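Participant: There's a structure below that I have some questions on.
Readers should treat all values here as calculations from the given coordinates under stated rules, not as data from a laboratory. For clarity, every value in this text was computed on a predicted model and none was experimentally measured. So basically every Cβ, Gly included, is an ideal-geometry build from the backbone, and we count neighbours across all protein chains shown.
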Amino acid sequence: MNKDAKFISIEGGEGAGKSTAIKTIQSYLNQQSIAHIVTREPGGTPLAEKIRSLLLDKSDEILLPESELLLFFASRYQHSQHVIKPALKKGLWVISDRFVDASFAYQGAGRGIEESRITYLKEWLLRDLSPDHTLLLDAPPAVGLDRIKARGELDRIEVEKMDFFNRVREYYLNLAAKESERFHIIDTSGSLSDVEENTRLWLEGICERC
Ligand code: Z5A
């Protein structure tokens, strides 16, 4: 693996502004001529995108929490083996809209699956693949949900109750405090221009230390 290549994940609740921040990141990396790819979870490969549809589309059959967890990991394994690892090996920076922290936040804290089971899957399938940096975009769930409601119909996970999203948010904030070297938190309840400015400053800090 090229030692200059960075693996960056972007996390946060629904409508927290991940896609928006990724545009800022892409534009900064392009300006700096840093070769990179932008990818996402669930998804990132043709098969993993099909799994994404299974996960997000509403269906009459209840998707059980354990099946949901395994589908996220099936998608993630395809993604990490076929996209993330090869890109890092070529020296490209990888910007991923969500990665494994999301499984701990949503399937663990949100759905109540024991953390040790998720840790087992992570250690088995990902081994030492872990983001160098994680940007946590944080806003109260009600703020993010209002933003995505304005965008159109909600998906299977977005229709969960507010308690679920509060547990997810609390998990992310606790994890960020525990792994403060890896995480950087940006409050996205403010204006778009503030979020953009803070995202650029954070990225400049990473690039200065490259
Ligand atoms: N999930 C899981 O459960 N387990 C896992 O392991 C993984 C994922 C990997 C992925 O769906 C779902 O899967 C997600 C977690 C779960 N759950 N749900 N629900 P997704 O990727 O399609 O959805 P998302 O991750 O929640 O992203 P999103 O809905 O697309 O939101 P976003 O990317 O964070 O936000 P955005 O598109 O940048 O912004 C939303 C809107 O708000 C947009 O119109 C913006 O212009 C506006 N916006 C953004 N920032 C601002 C500010 N600062 N002010 C005003 N307006 C703003």
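Participant: With θ set to phi - 60° and the Karplus curve 6.51 cos²θ - 1.76 cosθ + 1.60, what are the ³J(HN,Hα) couplings of the stretch 88-103 in order, to the nearest whole Hz, using x for Gly and Pro?
Facilitator: 4, 4, 7, x, 7, 6, 10, 10, 10, 6, 6, 8, 5, 3, 5, 5
Participant: Please report, in debye to the nearest 20, how large the charge dipole of the stretch 1-126 is about its Cα centre when each Lys and Arg carries +1 at its beta carbon and each Asp and Glu carries -1 there.
Facilitator: 640
Participant: Considering amide H positions built from the backbone, and no H for Pro or chain starts, which residues 5 or more places from Gly13, or on another chain, come under 5 Å of its amide H?
Facilitator: Placed amide hydrogens put Ala139 under 5 Å from Gly13.
Participant: Sticking with this one: What does the convex hull of the Cα atoms of the stretch 56-154 come to per residue, in Å³, rounded to a whole number?
Facilitator: Cα-based convex hull of the stretch 56-154, divided per residue, equals 136 Å³.
Participant: Using unit Cβ charges (K, R positive; D, E negative) and no other charged atoms, how large, in debye to the nearest 20, is the dipole of the stretch 59-143 about its Cα centre?
Facilitator: 480
Participant: Say the dipole of the chain comes from +1 at the beta carbon of Lys and Arg and -1 at that of Asp and Glu; which of Tyr120, Ala16, Leu137 then lies farthest toward its positive end?
Facilitator: Of the listed residues, the answer is Tyr120.
Participant: Could you pull out the GluC sites (Glu not before Pro) across the stretch 97-165 that fall in loop regions by DSSP (anything but H, G, I, E, B) with no more than 14 other Cβ atoms inside 10 Å?
Facilitator: Qualifying residues, ordered by number: Glu114, Glu153.
Participant: Can you give the local net charge around Arg209? Use residues other than it whose beta-carbon is closer than 11 angstrom to its beta-carbon, Lys and Arg +1, Asp and Glu -1.
Facilitator: Around Arg209, the surrounding residues sum to -2.
Participant: If I take every Cα pair under 8 Å that is 6 or more residues apart in the chain, average their sequence separation and divide by the length, what percent do I get for the relative contact order?
Facilitator: 34
Participant: Calculate the tail of P(r) for the stretch 98-210: the fraction of all Cα-Cα distances greater than 18 Å, expressed in %.
Facilitator: So the portion of pairs separated by more than 18 Å is 59 percent.
Participant: Which Cα, out of Gly110, Ile95, Thr188, lies furthest along the positive dipole direction of the stretch 65-189 (beta carbon charges, K/R +1, D/E -1)?
Facilitator: Ranked along the dipole, the leading option is Ile95.
Participant: Out of residues 5 or more away from Lys6 or on other chains, whose amide H comes under 5 Å of its own, with H placed 1.01 Å from N in the peptide plane?
Facilitator: When sequence neighbours closer than 5 places are left aside, the close amide H contacts are Trp93, Val94.
Participant: Further question on the same structure: Of the cross-linked pairs Lys23/Lys50; Lys6/Lys161; Lys58/Lys161; Lys58/Lys85; Lys50/Lys122; Lys23/Lys161, which ones have a Cα-Cα span greater than 27 Å in the structure shown?
Facilitator: Lys6/Lys161; Lys58/Lys85; Lys23/Lys161
Participant: Quick check on the chain: helices-only [θ] at 222 nm, where DSSP H runs of length 4 and up contribute -39,500 (n - 2.57) each and the sum goes over total residues. Nearest 500, please.
Facilitator: Rounded to the nearest 500, it is -15500 deg cm²/dmol.
Participant: What list of ³J(HN,Hα) values in whole Hz, one per residue of the stretch 140-152 in order, does the Karplus curve 6.51 cos²θ - 1.76 cosθ + 1.60 (θ = phi - 60°) give from phi, with Gly and Pro shown as x?
Facilitator: After applying 6.51 cos²θ - 1.76 cosθ + 1.60, I find x, x, 4, 5, x, 5, 4, 5, 6, 5, 5, 7, x Hz.
Participant: Then there's this: Taking Rh as the Kirkwood radius, which is the inverse of the mean 1/r over Cα pairs, what is the Rg/Rh value for the chain?
Facilitator: Expressed as Rg/Rh, it is 0.94.
Participant: Kindly rank 27-33, 132-138 from highest to lowest mean number of other beta carbons found within 10 Å of each residue.
Facilitator: 132-138, 27-33
Participant: Right, another one. Given 0.36 nm per residue, what is the gain on full extension from Met162 to Arg117 after removing their alpha carbon distance, in nm?
Facilitator: 13.7 nm
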